[in-house]
1. Once every DSSP H run of n ≥ 4 in the chain is given -39500 (n - 2.57) and the sum is divided by its residues, what mean residue ellipticity at 222 nm do you get, rounded to the nearest 500 deg cm²/dmol?
2. What is segment 2-120 by shape, rounded, prolate or oblate, if you read a ≥ b ≥ c off the alpha carbon gyration tensor as root eigenvalues and call it rounded for a/c under 1.5, prolate for a/b larger than b/c, and oblate otherwise?
3. What order, most packed first, do the peptides 9-18, 115-124, 74-83 have when packing is the mean number of other Cβ atoms within 10 Å of each residue?
4. Measure off 7 Å from each Cα along the Cα-to-Cβ vector at Val125 and Glu51, then give the distance between these two points in nanometres to one decimal.
5. Please determine, in degrees from 0 to 90 and to the nearest 10, the orientation of helix 5-16 with respect to the longest principal axis defined by the Cα atoms of the chain, where the helix direction is its Cα long axis.
6. In segment 35-72, what trypsin sites (Lys or Arg not before Pro) fall in a loop by DSSP, with at most 13 other Cβ atoms inside 10 Å?
7. Rounded, prolate or oblate: which one fits segment 58-123, using the alpha carbon gyration tensor with axes a ≥ b ≥ c (rounded when a/c is under 1.5, else prolate when a/b beats b/c, else oblate)?
8. Using 0.36 nm per residue of separation minus the Cα-Cα distance, give me the extension gain between Asp84 and Phe115 in nm, one decimal.
Amino acid sequence: MTQGEPLTAPFWAAAAQGRLVRPVCDQCGHGFFPPAWCCPRCHCESWTYRESSGRGRVYSHTTVHRGPDPSWPVPYVLAIVDLDEGWSMLSRITGDPPDDSVPGALIGRAVRVSFADEERPPHRVLPVFELAQTELAEVRP
Ligand SMILES: [Zn+2]
């Protein structure tokens, strides 16, 4: 067991069940990510994992053309997603990357969580995001 596992184990267990959760402070109600020993707002050490709707919008994104090692499938889109409950997380946006000549093409786009099996060890289920279908339908002529 690695050092970080006790804190994040419930997060990974929820993801394996197709649920996205985040820590919510028991004292001030602040939702935050990644999980930490205390609330970053009030430093209270009591918080609880609560389920998220998994819906949000792209705050920022970049297209990665060179992965951490040469075997990674590239390109992929790495994004900060602002979830509807007021917290944010770094994740991937699935689907084809946007045109690199249009910086920030996905900023503000509605997304919803999806779950992907990680192909490399430790073979966890990763929360990733897909562009919301309703918004895709709206941009079609
Ligand atoms: Zn707090």
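1. -4000 deg cm²/dmol
2. prolate
3. 74-83, 9-18, 115-124
4. Between Val125 and Glu51, the label points sit 1.3 nm apart.
5. The helix 5-16 is inclined about 50 degrees to the chain.
6. Hits after loop and neighbour filter: Arg41, Arg66.
7. oblate
8. 9.4 nm
Each reported figure results from applying straightforward, stated rules to the coordinates on display, with no laboratory input. Every value quoted in this text rests on a predicted model; they were computed, and no experiment measured them. Reconstructed Cβ throughout: ideal geometry from the backbone, glycine too, with neighbour counts over all protein chains shown.
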